[in-house]
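Asker: Below are the structure tokens for one structure; questions will follow.
The values are calculated or read from the model by the stated rules, or taken from the named source; none is laboratory data. For clarity, every value in this text was computed on a predicted model and none was experimentally measured. So basically every Cβ, Gly included, is an ideal-geometry build from the backbone, and we count neighbours across all protein chains shown. Note: accessible area is taken over every heavy atom of the protein model, side chains too, but ligands, DNA and RNA are not part of it. Shrake-Rupley method; radii C 1.70, N 1.55, O 1.52, S 1.80 Å.
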Amino acid sequence: MPRPPGSREIIKTTCPRDCYDACGITVILRDGRVTKILGDRDHHVARGVLCGKCAVAYNGIWLDSERRLTSPLVRTGPKGTATFSPTTWNTAISLIADRLGAILDERGGASVCHTHYTGTCSAIAGNFPTRFFNRIGALEVDPDSVCNKAGHAALGLIFGSSLDGFDPRTVTEAKCILVWGANPSASAPHAHKHWLFGNKAKRIVVDPVRHDTAAKADLHLQLFPGSDAALAFAMIHVLDREKRLDRGFIRRHTLGWEEIEGDIAAMPPERAAVLTGVAPDLIVAAARAYADGPSLLWLGQGVQRQRTGGNVVRAVALLPAATGNIGKAGAGLLYMNGFDTRGVRPDDLSGAHLRPAHAPPPISHMDLAGHLGDPSASTALFTWNNNIIASNPEQRRLADALRREDLLHVASDLFPTDTTRFADVVLPAASFLEFDDLVLPYFFYDISAQVKVREPPGEALPNQEIFRRLARAMGLDDPALHETDEEILEQLLRNTGIEMSFRDLSRAGTVAWRPDDPVIPFADLKFPTPSGRIEIASERFVAAGISRAPRAWSDARPDDGRLRILSPASRWLMNSSYSNDDRIRSLQGDHSVTVNPADIQRLGLTTDDEVELVNETGCLGPLCLRAADVVPPGVALIHKGRWPGLETAAGANANVLNRGEKADLAGSTAVHSVEGILRKASPRSGAAQ
Ligand SMILES: Nc1nc2c(c(=O)[nH]1)N[C@H]1C(S)=C(S)[C@@H](COP(=O)(O)OP(=O)(O)OC[C@H]3O[C@@H](n4cnc5c(=O)[nH]c(N)nc54)[C@H](O)[C@@H]3O)O[C@H]1N2
Ligand SMILES: Nc1nc2c(c(=O)[nH]1)N[C@H]1C(S)=C(S)[C@@H](COP(=O)(O)OP(=O)(O)OC[C@H]3O[C@@H](n4cnc5c(=O)[nH]c(N)nc54)[C@H](O)[C@@H]3O)O[C@H]1N2
Ligand code: SF4
Ligand SMILES: [Mo]
């Protein structure tokens, strides 16, 4: 539509990143061109401001067509060298369809694997491509296994759901908020500022790192990583000793409590203090404040990324059960709030019904490098919505596997990344600014519109359109593979029951689900488990490969000289996204590692030294050394997400040290259990690829 010259337009949309906040956005256009991307003033989370990283990247590299992928590319040089020629969609799609068709005929779907995650979390773009892979019976690399699967599996067994968290609106009823193993100051900056610190509840943080949320809290229990179960049992020990357990609730609504009584008795705070490094009086104070209630428990995703992650989540989840802090306003536990809470079934979005019965079960991201390194197991790989070279374990081994000339590798992204550089065919994806979609946040119970504000640069296409074209080229005519965005949006909105068209929702930006009636999960105290109770101990845990009852365990401290290496979210990156924005790179600063001053002294190092972290899997360095007591002695802190290819000195990121050890449950990542030594950098350090 022609616009009068100088016209100004404002469009509301939503940030679909993998972030608790799901901020409302206003986009300013002049003469139809996007000039500024801002936080939406009307949005209850954003309150007019985007986080620092998105304010920079959305107005920086995300709008810079020169830096985006703008046409399909086919490889012309050796794998891994990013040598490509541009081509048309028709050529790229028929090339993939021909090769994939031959592979499916010869080897079947099980030899085709796909990895995906949360590059965008919007409903259609984040899920639709899975319909195609389900239809061809491909092997899925379980997306959550690189992030939060142990927690989902544990909570699913205990409560019957990991996706029915407390409704943050009920915070007005809470007297205490316990944040366990999350860092909202980085991973949910608006919830940190306005929700967590915008009410009168007492705040307790359990985290090895004194990040900004911990520093501002009323109590910070700075435990050693992997000692959480001992701490949780010690808190219950205190409540037992003080006769503050809700025995009636335990009797009526839990199963197997008697099986943990021995471990509770054996974990007084004085013993836990030795294991965790947290003073006994702090353990007592935290237990009392939580039991005073009503109390909310925000269970982060960082806490379960360890070798005993499943046991840790089970132990921490005892707290609401022990005190009856669930099923009422101001109480409950939040891991994530799923699409289902608002009537949307993920299985419909991802076309679960298309999957043939003989299709292989998913594998873990922890096994991906090994799987791809075996030509008898894999012939084709699709990577979309993620950047496995930056985010996955076994960084070096994975890069070697991706060099296999006989592996058909198709990669789709917005940008040329460390992963796309290995592909045979690279497909340019449209960003969230370039098509309509729906966002269902995993913290607030909201429904938000993602609204197209500009055309994709060059030939880029939304994920869903890419896979519609591929399905067509392969002669797959199942209706679900060709459903249009409009049809899906209409159906999704119908499922939510909000009785709004997408256009109405776009004007509002975000609407609250049940605006006058906050959700109280498990209000009837009937849990969707086989017993209808909170299952603390049962044979189901044994079947899942874990002990019948949670145990008051604590990981052994690393052997002398080694440090436990944590690599959580950085405030300047979204996983590995934004690493290629020049301003973000300067805001991030040097590639560095932070350790306690006592360790620096013990190791005979100084902060002028360039250092490296080394273990059996790899070497990360040279790094700048920072001294700070934000971490306890024995812990090294780096951040995830730097792009190996852009780290000219180190040539790698934290995942070069990660051997892909699995947690105790569901094949999930144990990345926060990585250990290594810290030493002066040697001249040969660096270069993962
Ligand atoms: N060392 C260490 N490693 C970790 C973690 C850790 O704590 N420590 N955390 C893990 C966790 S929690 C996670 S979730 C994973 C995340 O790891 P990944 O899933 O790899 O996430 P990103 O690195 O952000 O990669 C997302 C990619 O999707 C692209 N993208 C964005 N929008 C679209 C789109 O619409 N279409 C397509 N095709 N692409 C798009 C982005 O440009 C980006 O390159 O990393 C894990 N890795
Ligand atoms: N800025 C920013 N925001 C993000 C992301 C990002 O990369 N950057 N990633 C997004 C994604 S994919 C996810 S999954 C979420 C994750 O967000 P969160 O749920 O906040 O999880 P993390 O940031 O991975 O880790 C949180 C905390 O876990 C702590 N931790 C590590 N080991 C232990 C332990 O043994 N015990 C305890 N108690 N704590 C431990 C770390 O010190 C860290 O402070 O954030 C999302 N938001
Ligand atoms: S990443 Fe999170 S905090 Fe940043 S703009 Fe998006 S939703 Fe908001
Ligand atoms: Mo994640």
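Asker: For segment 610-621, which positions are buried (at least 18 other Cβ atoms within 10 Å of the Cβ) and out of contact with any Pro (no Cβ under 9 Å at 6 or more places or on another chain)?
Answerer: Across segment 610-621, the qualifying residues are LEU613, VAL614, ASN615, GLY618, CYS619, LEU620, GLY621.
Asker: For segment 324-339, give me each residue that is touching a strand residue (DSSP E or B) at 6+ places or on another chain (Cβ under 7 Å) and outside any loop (DSSP other than H, G, I, E, B).
Answerer: Hits for segment 324-339 are GLY332, LEU333, LEU334.
Asker: Name the pairs: first residue in segment 336-363 and farther than 25 Å from PHE166 by Cβ and touching a residue at least 40 places away in the same chain (Cβ under 8 Å), second residue assigned to a helix (DSSP H, G or I) and open to solvent by 40 Å² or more (accessible area, probe 1.4 Å), Cβ to Cβ under 6 Å, at least 6 apart or on different chains?
Answerer: That search, which allows pairs on different chains as well, returns LEU354/ARG135; PRO360/ALA110.
Asker: Please note which strands (runs of 3 or more DSSP E) are completely contained in segment 95-201 and include at least 2 residues that are in contact with a Phe, Trp or Tyr (Cβ under 8 Å, 6 or more places away or on another chain).
Answerer: So the answer is 112-116, 176-180.
Asker: Residues that are away from ligand 2 (no atom under 16 Å from the Cβ) and part of a loop (DSSP other than H, G, I, E, B): does segment 25-34 have at least one?
Answerer: Within segment 25-34, one or more residues are away from ligand 2 (no atom under 16 Å from the Cβ) and part of a loop (DSSP other than H, G, I, E, B).
Conditions tested, residue by residue: (1) within 16 Å of GLY351 (Cα to Cα); (2) open to solvent by less than 10 Å² (accessible area, probe 1.4 Å); (3) within 17 Å of the chain's Cα centre (by Cα); (4) of a type in the set (Gly, Ala, Ser).
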{"residue": "PHE128", "(1), (2), (3), (4)": "yes, yes, no, no"}
{"residue": "GLY137", "(1), (2), (3), (4)": "yes, yes, no, yes"}
{"residue": "GLU140", "(1), (2), (3), (4)": "yes, no, no, no"}
{"residue": "VAL146", "(1), (2), (3), (4)": "no, no, yes, no"}
{"residue": "HIS152", "(1), (2), (3), (4)": "no, no, yes, no"}
{"residue": "LEU155", "(1), (2), (3), (4)": "no, yes, yes, no"}
{"residue": "GLY165", "(1), (2), (3), (4)": "no, yes, yes, yes"}
{"residue": "THR172", "(1), (2), (3), (4)": "no, no, no, no"}
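Asker: Just to be sure before I move on: is PRO356 assigned to a loop (DSSP other than H, G, I, E, B) and in contact with a Leu (Cβ under 6 Å, 6 or more places away or on another chain) in the structure I sent?
Answerer: Against the criterion (assigned to a loop (DSSP other than H, G, I, E, B) and in contact with a Leu (Cβ under 6 Å, 6 or more places away or on another chain)), PRO356 does not qualify.
Asker: Residues of segment 635-653 being under 22 Å from ALA186 (Cβ atoms) and open to solvent by 10 Å² or more (accessible area, probe 1.4 Å), which ones?
Answerer: Those that are under 22 Å from ALA186 (Cβ atoms) and open to solvent by 10 Å² or more (accessible area, probe 1.4 Å): LEU637, HIS639, LYS640, ARG642, TRP643, LEU646, GLU647.
Asker: Given the conditions (1) touching a residue at least 60 places away in the same chain (Cβ under 8 Å); (2) away from ligand 4 (no atom under 16 Å from the Cβ); (3) open to solvent by 30 Å² or more (accessible area, probe 1.4 Å), which single one is not true for LEU665?
Answerer: All conditions pass for LEU665, except number (3).
Asker: Among what's in segment 569-597 and is part of a helix (DSSP H, G or I) and open to solvent by 50 Å² or more (accessible area, probe 1.4 Å), pick the residue that is farthest from SER65 (Cα to Cα).
Answerer: Step by step, filter segment 569-597, then rank; the result is PRO597.
Asker: Here's a follow-up. Residue check: is PRO72 away from ligand 4 (no atom under 16 Å from the Cβ) and surrounded by fewer than 15 Cβ atoms within 10 Å (Cβ to Cβ)?
Answerer: Taking the combined requirement at face value, the residue does not satisfy it.
Asker: Can you tell me which of (1) touching a Pro at 6+ places or on another chain (Cβ under 9 Å); (2) aliphatic (A, V, I, L, M); (3) open to solvent by 20 Å² or more (accessible area, probe 1.4 Å) is the one ILE124 doesn't meet?
Answerer: It fails just one condition, (3).
Asker: Tell me the residue from GLY309, GLY324 that is surrounded by fewer than 24 Cβ atoms within 10 Å (Cβ to Cβ) and either away from ligand 4 (no atom under 16 Å from the Cβ) or at pLDDT 95 or above (or both), please.
Answerer: Going through GLY309, GLY324 in turn, just one is surrounded by fewer than 24 Cβ atoms within 10 Å (Cβ to Cβ) and either away from ligand 4 (no atom under 16 Å from the Cβ) or at pLDDT 95 or above (or both): GLY324.
Asker: So which residues in segment 3-24 are of a type in the set (Asp, Glu) and assigned to a loop (DSSP other than H, G, I, E, B), if there are any at all?
Answerer: ASP18, ASP21
Asker: Output the number of the condition that GLY532 fails; it satisfies all remaining conditions of (1) more than 16 Å from ligand 1 (Cβ to nearest atom); (2) part of a helix (DSSP H, G or I); (3) open to solvent by 10 Å² or more (accessible area, probe 1.4 Å); (4) out of contact with any Phe, Trp or Tyr (no Cβ under 8 Å at 6 or more places or on another chain).
Answerer: (2)
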